[in-house]
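The values are calculated or read from the model by the stated rules, or taken from the named source; none is laboratory data. The structure presented is a predicted model; accordingly, all values stated were derived computationally and were not measured. Counting neighbours? That spans all protein chains shown, and the Cβs are built from the backbone with ideal geometry, glycine included.
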Amino acid sequence: MKKVFFIGLISLVFVFGFTTIQTDVVIDKKALTSSCKKKLDPFQYDSQKFTKIISTKKNQQLEVEVPVFIGEKYRVVFNTSQMNKPINIKIYTKDKESNKREPIFTNKDFNKNETEFIFDAPRVRKMFIDYEVPKDSANQALNGVVVFMIGYK
């Protein structure tokens, strides 16, 4: 009897413990995808990536590598509407370990209220998308989801 009670108690702890972890920001992936696809036209859809961003006690630089084919033209569409604050996005042709990297795109020049950004990339071998996440200070946490979609012509 004690075993059944103990197993039941542990099961309840796991159920309630993991339920609070899973109840996170709910996003409408279909709506985000649809919005980005409209901005992608006349380019052909290639892929997309949803990146969950949560600030920590240190500044972060999250990097996503995007392999591309030489000779193709690419368009990258970002949607940051699911972020609770604006986020800095930069695209480079080299990874963050390289000393000779320069940004080929940044969203700093856009209006702070804009949540969708379009970038027609020059012909490159790879693109490295960096999200600059500032540290959490005085309960000013930055969190949410950023989606980018890439298309080719």
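The combined condition, being surrounded by fewer than 16 Cβ atoms within 10 Å (Cβ to Cβ), modelled with pLDDT under 90 and either in contact with a Ser or Thr (Cβ under 7 Å, 6 or more places away or on another chain) or among the aromatic types (F, W, Y) (or both), is fulfilled by K135.
Screening the candidates N107, N88, N99, N111 for the property of being more than 22 Å from V26 (Cβ to Cβ), surrounded by 18 or more Cβ atoms within 10 Å (Cβ to Cβ) and of a type in the set (S, T, N, Q) yields one hit, N107. For Y74, the conditions (1) loosely packed, with under 13 Cβ neighbours inside 10 Å; (2) modelled with pLDDT of 90 or more all hold with the exception of (1).
Scanning segment 53-82 for residues that are within 14 Å of D136 (Cα to Cα) and either in a loop (DSSP other than H, G, I, E, B) or of a type in the set (S, T, Y) (or both) turns up S55, T56, K57, K58, N59.
Residues satisfying the criterion are absent from segment 57-75 (criterion: touching a Cys at 6+ places or on another chain (Cβ under 9 Å) and closer than 11 Å to M149 by Cβ).
Those residues that are within 23 Å of I54 (Cα to Cα), of a type in the set (D, E) and over 15 Å from the mean Cα position of the chain (by Cα), I need them from segment 119-153; list them, please. The answer is D136, and nothing else. Are any residues in segment 29-49 within 17 Å of the chain's Cα centre (by Cα) and hydroxyl-bearing (S, T, Y), and if so, which ones? Correct list: T33, S34, S35, S47. Selection within segment 15-69: residues that are of a type in the set (A, V, I, L, M) and at pLDDT below 85. The member of this set that is farthest from I89 (Cα to Cα) is V15.
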